[in-house]
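Step one of this worksheet: look at the structure below.
The values are calculated or read from the model by the stated rules, or taken from the named source; none is laboratory data. Model, not experiment: these values are computed from the prediction. In this analysis, Cβ positions are derived from the backbone assuming ideal geometry, glycine residues included, and neighbour counts consider all displayed protein chains.
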Amino acid sequence: MREEIKKIKEESLTLIQSGLTRDELQELKVKVMGKKGSLTALLKQLGSLSSEERPLVGQIINEVRASLEQAWDEKMKELEEQALLKRLEEEFLDITLPGIMMPRGHQHPLTKVIEEIEDIFIGMGFQIAEGPEIETDYYNFEALNLPKDHPARDMQDTFFITEEILLRTQTSPVQIRTMEKLCPGLPVKIIAPGKVFRNDDDATHSPMFHQVEGLLVDRGVRMSDLKGILLTFSRQMFGEDRQIRLRPSFFPFTEPSAEVDVSCMLCGGKGCKLCKGTGWIEILGAGMVHPKVLEAGGYDSVQVTGFAFGMGVERIAMLKYGIEDMRLLFDNDLRFLAQF
Ligand code: 2U9
C-alpha cells in the first residue's frame, strides 16, 4: 500500500504542475481526494492492515493528503491570479480615448422666426392665441366679410373637406374665436401664429405655410397705432435703421387696407437685386378691422375700432436669412438646416 500511496503522490504532484486548467485541476482533486478518489479508497482499505501497520499507513495517507491539498491550493491560487490579470488586461478601459460625438440638433429656421416674432409682440403687450387648423366656412370666410358669393374667395384656393368644413386658409378664424370669447372685454390684443393651407405649389408657394396675424381691438384704436406697432416690429426684426411705408390695398376684412413695405435690409434702400431696385420690400398686409368683422366678433363697431395685420412666416424667414427658394424650408435637408 505504501507503494501505491507514493505513486498517487508523485503522479498527482506531477499532474498539478503540468499546466492543467482550473477545471482540470478541480477534476484531479475529485479523482484523488474526493469521496470516490484514489487516495480516499486507500483510506478505506486501512481496515485490512495489521494493527501495527494501520496507524502508520493512516498517518502517511493523511500527510500525503495534506501536502497534495497544499500543492493544489497553491496551484489554484496561481491560476486564479493569472486569470484575473488576463481579465484586467482584456477589460482595460482607455479613458483618454475620444468619445463618440452625438450631433446636436437645433430649432428649424421657421420655428426660430416664429418665436422671434412672438417675442417682439409679447414685448409690446400682445398675447398668443391659437385655434383649430380644420375650420368651418363660417369662421374662415363668412365672419371675415367673405360671404359665399364673394369673388375674393377665389384668391384663397381652399382645401375643402365638406361643403362647410375646410383647412383654414389664414389664421384669422383664431381672432374671430378670440373676440367671441373675450367680448365685451377690452382690449383684444393678440397675435395668432400657425399653419395655414392653400391649394398652391411652386417655388414661391407651398400648400402648407405659416402665418402670424395680429389683432388689436379697443376704444380709439387708430391707423397711426398700427403704423407705430409695425415700425417697431420691422426694426426689431430687420434692424434699427429700417423704415416702413404703407401702400393702399384691399382686403375684405379690413378697411382701409394697406400693404406694408420695409426699406431693403440688404442695400438699406439704395436699390439692389433683392428689392428689384426699388429700395423697398413688401413684408405684410394690414388695415383697420372692417366694422362687419368687429360685429361678427360681438363688438359694437361704433364704440370700438381695431387694426389687424398678417404676414407669411416663410417670406420673413427667407428675407431674414437670404433664402432664395421657399422649398428649402420644407425639404428638411440637414446640409441646409445645419446652417442656422
Ligand atoms: C380679423 C380681422 C382682420 C388679417 C390681415 C392681411 C391683411 C394680409 C397676408 C400676408 C401674406 C396673408 O400670408 S399671406 O399671404 N395677410 O395681407 N391679413 S390684414 O386681418 C384680419 C384678421 C383677423 C378678425
### Query
near the ligand (Cβ under 9 Å from one of its atoms) and either outside any strand (DSSP E or B) or closer than 20 Å to Glu142 by Cβ (or both), is that true of Leu215?
yes
#### Entry: Test: Asp137 is within 11 Å of the ligand (Cβ to nearest atom), charged (D, E, K, R) and in contact with an Asp or Glu (Cβ under 8 Å, 6 or more places away or on another chain)
no
### Summary
Residues of the stretch 56-102 being over 22 Å from Arg2 (Cβ atoms) and small (Gly, Ala, Ser), in sequence order, are Ala83, Gly99
### Task
With the checklist (1) of a type in the set (Asp, Glu); (2) more than 25 Å from Ile165 (Cβ to Cβ); (3) buried (at least 19 other Cβ atoms within 10 Å of the Cβ) in hand, flag the one item Glu213 doesn't pass.
(2)
### Task
Please tell me if Glu142 is in the same structural domain as Lys195 (by TED's automatic domain parsing) and either away from the ligand (no atom under 14 Å from the Cβ) or closer than 12 Å to Val174 by Cα (or both).
no
### Query
Among the numbered criteria (1) at pLDDT below 95; (2) under 19 Å from Leu182 (Cα atoms), which single criterion is violated by Ile323?
(2)
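Restricting the stretch 168-195 to residues that are among the aliphatic types (A, V, I, L, M) and out of contact with any helix residue (DSSP H, G or I) (no Cβ under 9 Å at 6 or more places or on another chain), which is surrounded by the fewest Cβ atoms within 10 Å (Cβ to Cβ)?
Applying the filter and picking the extreme gives Leu186.
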## Note on the structure
Within the stretch 304-339, residues being loosely packed, with under 11 Cβ neighbours inside 10 Å, of a type outside the set (D, E, K, R) and in a helix (DSSP H, G or I) number 1
## Note on the structure
Within the stretch 191-206, residues away from the ligand (no atom under 12 Å from the Cβ) and in contact (Cβ under 8 Å) with a residue 12 or more places away in the chain come out as Asn199, Ala203
## Note on the structure
Residues of the stretch 175-190 being β-branched (Val, Ile, Thr) and near the ligand (Cβ under 8 Å from one of its atoms), in sequence order, are Ile176
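Across the stretch 146-163, what is the number of residues that are in contact (Cβ under 8 Å) with a residue 24 or more places away in the chain and away from the ligand (no atom under 12 Å from the Cβ)?
At the first step, the residues of the stretch 146-163 found to be in contact (Cβ under 8 Å) with a residue 24 or more places away in the chain are 146, 150, 152, 156-159, 161, 163.
Filter again for away from the ligand (no atom under 12 Å from the Cβ), leaving 150, 158-159, 161, 163.
Count: 5.
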### Summary
Scanning the stretch 121-169 residue by residue, those of a type in the set (A, V, I, L, M, F, W, C), within 23 Å of Pro291 (Cα to Cα) and touching a Phe, Trp or Tyr at 6+ places or on another chain (Cβ under 7 Å) turn out to be Leu144
### Task
Kindly list the number of the only condition in (1) closer than 30 Å to Met326 by Cα; (2) exposed (fewer than 11 other Cβ atoms within 10 Å of the Cβ) that fails for Thr111.
(2)
### Query
Which condition number in (1) surrounded by 13 or more Cβ atoms within 10 Å (Cβ to Cβ); (2) closer than 24 Å to Leu246 by Cβ; (3) at pLDDT 95 or above is the one that Gln156 fails?
(3)
### Message
Looking at the stretch 132-145, I want the residues that are among the hydrophobic types (A, V, I, L, M, F, W, C) and have a partner that is away from the ligand (no atom under 13 Å from the Cβ) with Cβ atoms under 8 Å, at least 6 apart or on another chain. Which pairs are those?
### Response
Ile134/Ile161; Ile134/Ile165; Ile134/Leu166; Ile134/Leu167; Phe141/Pro147; Phe141/Lys148; Phe141/His150; Phe141/Arg153
### Summary
From the option list Phe250, Phe238, single residue qualifying as within 39 Å of the chain's Cα centre (by Cα) and among the aromatic types (Phe, Trp, Tyr) is Phe238
### Residue identified as away from the ligand (no atom under 14 Å from the Cβ) and surrounded by 14 or more Cβ atoms within 10 Å (Cβ to Cβ) among Leu231, Leu246
Leu231
### Task
Just give me the residues in the stretch 277-320 being among the charged types (D, E, K, R), within 39 Å of the chain's Cα centre (by Cα) and more than 11 Å from the ligand (Cβ to nearest atom), in sequence order.
Lys320
